[in-house]
Every structure is written in structure tokens, then in C-alpha cells.
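Taking it in order: structure first as C-alpha cells, then the write-up.
The values are calculated or read from the model by the stated rules, or taken from the named source; none is laboratory data. Worth saying up front: this structure is predicted, and the values here are computed from it rather than measured. Positions of Cβ are backbone-derived with ideal geometry, glycine not excepted, and every protein chain shown enters the neighbour counts. The area values use the complete protein model at the heavy-atom level, side chains included, leaving out ligands, DNA and RNA. Shrake-Rupley method; radii C 1.70, N 1.55, O 1.52, S 1.80 Å.
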Amino acid sequence: MGSEMCIRDRNTRASQLSDALQQALEELPLPCQQVFAWHRLEGQTMGEIAQRMDLSVSMVEKHMARCMRHLHIRLKQHAP
């Protein structure tokens, strides 16, 4: 029974973290959200994203940096 509670607890924490991540991403401007999704979830390079968005690589990197700073602040309460 202890193992079942541990699994349930982990699933609950994972669900809470997923919800917090989604909420934090939604607080960002759309270009930041897109850069995050394309780079972190789809594995596109900064160059590919820059081309796709018709931006410089530097601007894409700035969007990603802004996103990561925001996520770090918003999600640090969920760190173990």
C-alpha cells in the first residue's frame, strides 16, 4: 500500500508541475511560447526557428532566454 501512495503522490506532483508549466508559458508573449515549443518540444534549432519566424537568430535566443528566466522564477517552488 505504501508503494501505491508513493506512485499516486508522484503522479499528483507531476500533474501539478505540468499545470504550472502550462500556466507559466501562457503568461508569456506568443513569440516566446512558440520559440519554447519549437526548440524544447520539437527539437528545432535556433536557426530553423529564426527562419520560420523571419527573425534573427539573436532575437530567437532572446525570446528563449526570456522564457527560461520566467519559467525558472515561476516553477522554482515546484523543485524538489
Entirely in the chain, the helices (runs of 4 or more DSSP H) that have 1 or more residues that are under 14 Å from the mean Cα position of the chain (by Cα) and of a type in the set (Ser, Thr, Tyr):
2-26
From the options Gln44, Gln33, Gln22, residue that is free of Cβ contacts under 8 Å to residues at least 40 places away in the same chain, in contact with a helix residue (DSSP H, G or I) (Cβ under 6 Å, 6 or more places away or on another chain), open to solvent by 50 Å² or more (accessible area, probe 1.4 Å) and not basic (Lys, Arg)
Gln33
On the basis of being of a type in the set (A, V, I, L, M, F, W, C) and modelled with pLDDT of 95 or more, does Leu28 make the cut?
yes
